6 protein chains.
Amino acid sequence: MSELSHVDASGAARMVDVSGKQPGARVAVATGVLRTTAEVLDLLRSDGLPKGDALATARIAGIMGAKRTPDLVPLCHPIALTGVKVELDPGVDEVRITATVKTTDRTGVEMEALTAVTVAGLTLHDMVKAVDPAAVLDAVRVERKEGGKTGTWTRPEDR
Amino acid sequence: MSELSHVDASGAARMVDVSGKQPGARVAVATGVLRTTAEVLDLLRSDGLPKGDALATARIAGIMGAKRTPDLVPLCHPIALTGVKVELDPGVDEVRITATVKTTDRTGVEMEALTAVTVAGLTLHDMVKAVDPAAVLDAVRVERKEGGKTGTWTRPEDR
Amino acid sequence: MSELSHVDASGAARMVDVSGKQPGARVAVATGVLRTTAEVLDLLRSDGLPKGDALATARIAGIMGAKRTPDLVPLCHPIALTGVKVELDPGVDEVRITATVKTTDRTGVEMEALTAVTVAGLTLHDMVKAVDPAAVLDAVRVERKEGGKTGTWTRPEDR
Amino acid sequence: MSELSHVDASGAARMVDVSGKQPGARVAVATGVLRTTAEVLDLLRSDGLPKGDALATARIAGIMGAKRTPDLVPLCHPIALTGVKVELDPGVDEVRITATVKTTDRTGVEMEALTAVTVAGLTLHDMVKAVDPAAVLDAVRVERKEGGKTGTWTRPEDR
Amino acid sequence: MSELSHVDASGAARMVDVSGKQPGARVAVATGVLRTTAEVLDLLRSDGLPKGDALATARIAGIMGAKRTPDLVPLCHPIALTGVKVELDPGVDEVRITATVKTTDRTGVEMEALTAVTVAGLTLHDMVKAVDPAAVLDAVRVERKEGGKTGTWTRPEDR
Amino acid sequence: MSELSHVDASGAARMVDVSGKQPGARVAVATGVLRTTAEVLDLLRSDGLPKGDALATARIAGIMGAKRTPDLVPLCHPIALTGVKVELDPGVDEVRITATVKTTDRTGVEMEALTAVTVAGLTLHDMVKAVDPAAVLDAVRVERKEGGKTGTWTRPEDR
């Protein structure tokens, strides 16, 4: 059976040694969804007029959040990110969030993509909470990753 | 109809002026759940032995995450937190996360509680991803808040 | 003659003791201008279409920058900000930047307003540098401050 | 006509993908000037005695500021800096600031040099503001950059 | 027998709830010493000439470090600091470090004073390590604290 | 006689240019000790029961602290860390701290190892201070470093 690589044999947390890994192009895509109400979506869309910053604020927060990953997640390696994209897709009563993160470094960037999604989601939460305090950030997960020794992984349909 | 207070009439983002609000005791409770597999839960529980740091790492990351909220969420006010608690409740194939945050300042601490939950959730994600890359952080939401002008709010059952 | 309060009699830097100051409402307004070309202004304005994030990115960076002031300016006190607004006014070949910062704490917020202006300006610089590497951030200065023992100060016309 | 590479076709902000760029030695030099009064310059110079920390504080703040660039400027890539120098040249009623930043990474370091200049300038602002609240940070601009695909760029005389 | 207040009855880490504590003036003084060689002290003193930044760099790093305490020490409350002073006293083959930190907030500032001392000490370590890699940071401890419910505490002579 | 490389000929602080250095595997090991009382050690050990987070909190703080080194130590280069381990060894009345840090970058990682030790030590300080305000962090020093042009260095026995 597998083991949690982030703790050693005695159970102590550690940042795993990746010195022996090869640098190389890696990509990770993560998604999530902020579920709220149709009324809130109308408000967010109205802000979609010229100069409306609501969605931009969440996009930018997500991009900046990706860069803060090693500050937030204790055992994550600090790595160079070569590209970050955060897409917001407003629906009827929800906003779908997709983050794509790239690196040419020694570890995968799933955590950076997940962090971008959650920080964008938290920022949407913050903006809508006065109108809908019951909003929910749901389904934050990795969809795909490419590169590294394990190669491409795509989320199985049954999860 | 309500409006998004985080953008002004022209649609520009702003940090809302709360100078006129009264300082006072406020509490927020947020929850979320990391859904993974029973195998992973067994691993996390085995780390629950003396010195097993897996859950502790997530708890501490959540507490530290609460303090980073204004760095992450662009329009959040930087406020003094007077208490943060992050509880992890491992189930059969999931870990439930509950964060309770307190302040005596001028704004509510829902965002700090939500940030604590998501950072704890991301940290769990990070630790289990080698074994279960398909784990999902779900249902990140505010359960209750107390204090401030609006008083106590409890999540309605139908949301 | 006055002295620099940030260094003691021996010349050593210090964070001045403000324990004896009274908390109270304070405001500071700072401005600056990014000088670039008419071509760049056209590009920035085109981004002013729905979803165009260029100016929003600078506004949000400025707001977040205000919160980072004590991390950047060594002798600044960490204080609670109760409101931050960053306004961008695109002209023919320049963007004027105005930041308004409020607090109810023990020190003035001129540095926070100036930091908001410069970070917004740096962010504009970053976005236009591929098209106009010769852009200049100019005239970063305090226009007005209110509150505190010294009361209201307005920039003299001859400076 | 050129386009702003920091926003995509839909106008959404993104951190541009530089995965395909070659790492290599790059240098950027930026300058700025804090304009204040002759009286303030006398004070800063007196602090130039043994242990006088005023200019040192600004130099160090500038160096540390360069390292915070990706935290401040939303769409900047986090990159490894291999050298940072901040020079302060006090004149009659102004302090000229020059920052030189080096990297061996995939992007230029103009933003890091500009950030070093502005943070050093803000720190001078902070130290002199009690004596001269009307000080101005002016002419923050790139003077020269070397390396990368575009090679050496020197500021044209007419800008 | 006393208990560790930073963990609850189940052993889980938490940021202790201080909502019920009274704000008030508090001071803490901490000290430490960097032990190195007489040769290094000569170098540090030579840098004590006009513009010599070695000791200033450590002083400023210590002051900035005090402000980063809640980012570094997981269970520390983020509080407003109203004054920070870091004194360096070079001896024959060592530099003594003293930090004094003040607040008017709800918790003591011993950790902020200790953090200022250690960050100043680390910075000295950094500057001397090329010449003396064997330097040691020793005796980092609280000397005195004032204010709060427990009042004044002075370090007992036998510790 | 050697010179302090962190200041230039005029005494001004700088981040030394390491552009010409070769990337390569480097390791540094640093140690320190928190001296407290036997009573405190009993408390820390009792927390060593399932879910007892006291030592885990310090381990994790140390790992995260290593990543913050360039934010804290002004003239340190920001570099990629490829592995961090913090070991705590509780004795009769003290806790020994050992940090091992690895990189494949252009500079050594002694400062990162020392920072991990001190942040772990500060965190222990924080947790025991209510019971033993007189605790002391002692003997923070580099034990060994490997890699780079200077190769392996081991602490001499007489220091």
Inset, instruction - Before rounding to the nearest 500, sum -39500 (n - 2.57) across all DSSP H runs of length at least 4 in chain C and divide by the residue total; then give [θ] at 222 nm in deg cm²/dmol. - result: -10000 deg cm²/dmol
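Run the numbers on the range A:26-148 and let me know its relative contact order in percent, using alpha-carbon pairs under 8 Å that are six or more apart.
Values: 274 pairs, mean separation 55.1, N = 123.
It rounds to 45 percent for the range A:26-148.
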Inset, instruction - Order the peptides E:146-152, A:35-41 from the highest to the lowest mean number of other Cβ atoms within 10 Å of their residues. - result: A:35-41, E:146-152
Legend entry - Using a 7 Å Cα-to-Cβ projection, B:Pro23 label spacings across copies, nm, ascending: 0.2, 0.2, 4.9, 4.9, 4.9
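Need one value for C:139-146: mean number of C-beta atoms belonging to other chains within 10 Å of its residues' C-beta atoms.
Details: counts 5, 11, 8, 6, 1, 0, 2, 0.
The mean count of partner-chain Cβ atoms within 10 Å per residue comes to 4.
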Legend entry - Dipole axis of chain A (+1 Lys, Arg; -1 Asp, Glu on Cβ), positive-most option in A:Ser46, A:Gly32, A:Leu4: A:Leu4
Inset, instruction - Find the chain F residue whose Cβ sits closest to the rotation axis that carries F onto D, and give that distance in whole Å. - result: F:Ala80, 4
Inset, instruction - Sort shortest first the distances from E:Arg144 to its counterpart in every other copy, using label points 7 Å along the Cα-to-beta-carbon line, and give them in nm. - result: 4.4, 4.6, 4.6, 5.4, 6.6
Inset, instruction - Could you please state, rounded to a whole Å, how far the C-alpha centre of the range F:76-106 is from the C-alpha centre of the range A:9-70? - result: 29
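Can you give the FRET efficiency for A:Glu157 and B:Glu146, using 1/(1 + (r/R0)^6), R0 = 41 Å, r = Cβ-Cβ distance, to the nearest 0.05? Mind dumping the intermediate values first?
Numbers: r = 42 Å, r/R0 = 1.03.
Efficiency, rounded to the nearest 0.05: 0.45.
Taking the Cα centre of the protein assembly as shown as the origin, how large is its charge dipole in debye, to the nearest 20, when only Lys and Arg (+1) and Asp and Glu (-1) carry charge on their Cβ atoms? Write out the running numbers ahead of the final one.
Numbers: 120 positive and 132 negative charges, 1 e Å.
About 0 debye.
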Legend entry - Distance histogram in 5 Å bins (all Cα pairs of the range B:26-147, percent per bin): 2, 13, 23, 22, 16, 11, 7, 4, 1
Legend entry - Column: log10 I(q)/I(0), Debye, Cα scatterers of the range B:116-158, q = 0.16, 0.19 Å⁻¹: -0.59, -0.69
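Which whole-number value in Å³ per residue fits the convex hull of the alpha carbons of the protein assembly as shown? Please report the intermediate quantities before stating the final value.
Details: hull volume 148.7 nm³, N = 954.
Convex hull volume per residue, Cα atoms: 156 Å³.
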Legend entry - Inter-copy spacing of F:Arg159 label points, which lie 7 Å from Cα along Cα→Cβ, given in nm from shortest upward: 3.1, 5.0, 5.0, 5.0, 6.2
Inset, instruction - Determine the shielding of peptide C:109-122 by partner chains: average, over its residues, the number of Cβ atoms on other chains within 10 angstrom of each Cβ. - result: 4
Inset, instruction - Just add up the charged neighbours of B:Pro74: K/R +1, D/E -1, any other residue whose Cβ is under 11 Å from the Cβ of B:Pro74. - result: +1
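Since every read-out is calculated from the coordinates, none of them should be taken as a lab result. Nothing here was measured: the structure is a model prediction, and the numbers come from that model. Note that we place each Cβ from the backbone using ideal geometry, even for glycine, and neighbour counts take in every protein chain shown.
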